[in-house]
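The values are calculated or read from the model by the stated rules, or taken from the named source; none is laboratory data. Treat the numbers as computed from the prediction; the structure is a model and nothing was measured. Backbone-built Cβ (ideal geometry, glycine too); neighbour counts: all protein chains shown. Only protein heavy atoms, including side chains, enter the accessible area calculation; ligands, DNA and RNA are left aside. Shrake-Rupley method; radii C 1.70, N 1.55, O 1.52, S 1.80 Å.
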Amino acid sequence: MYFPADRSEVTQSWLIDAISAHPTFINDAIETVSLSNLGDGIGQLSVLVLADIITTSGTAHQLVVKLQADVPELHQMALKYGHYESEINFYRYFSDQVPVRTPEVYALDFD
């Protein structure tokens, strides 16, 4: 799966392609997607995009698309300390084992 390098590549068509095979959307296809920036200017080690999704049944979903930091210095710091890999591995291997609610993951990877 291709993941966008920056916010400009997060489009409705990319998101639909990225998650339409997820079990949530197999029998209830994505009808509309509205994208907005989330958390701009708050010093995040990532770019966050809020996706409001409506399926053919009328069900509403909100998802967060999380990308690498768009500030080169923050991105290098995140790489140096294994931030991206640690977060991916938490969701991949441990999130179902902790006694707190964690977000459902629709797609994840890192390079």
Pop a pseudo-label 7 angstrom from the Cα along the beta-carbon direction at both residue 54 and residue 26 and give the gap in nm to one decimal.
2.6
In region 1-41, what percent of the accessible surface is made up of carbon and sulfur (1.4 Å probe, ligands and nucleic acids excluded)?
51
Which value at 222 nm does the chain reach when only helices count, each DSSP H run of 4 or more adding -39,500 (n - 2.57), with the total divided by all residues and rounded to the nearest 500 deg cm²/dmol?
-6500 deg cm²/dmol
Roughly how many debye, to the nearest 20, is the charge dipole of the chain about its Cα centre, given +1 on each Lys and Arg Cβ, -1 on each Asp and Glu Cβ, and no other charges?
220
State, to one decimal in nm, how far the label point of residue 37 lies from the label point of residue 7, with both points 7 Å from Cα in the Cβ direction.
0.3
Specify which residue in the list 108, 86, 11 is farthest towards the positive end of the charge dipole of the chain, using unit charges on the beta carbon of Lys, Arg (+1) and Asp, Glu (-1), about the Cα centre.
86
Pop out the carbon and sulfur fraction of the accessible area of region 56-111 as a percent, whole number, probe 1.4 Å.
52
For the chain, report the accessible area per residue in Å² (1.4 Å probe, heavy atoms, rounded to an integer).
67
Which chymotrypsin sites (Phe, Trp or Tyr not before Pro) does region 1-72 hold that lie in a coil by DSSP with at most 10 other beta carbons within 10 Å?
2
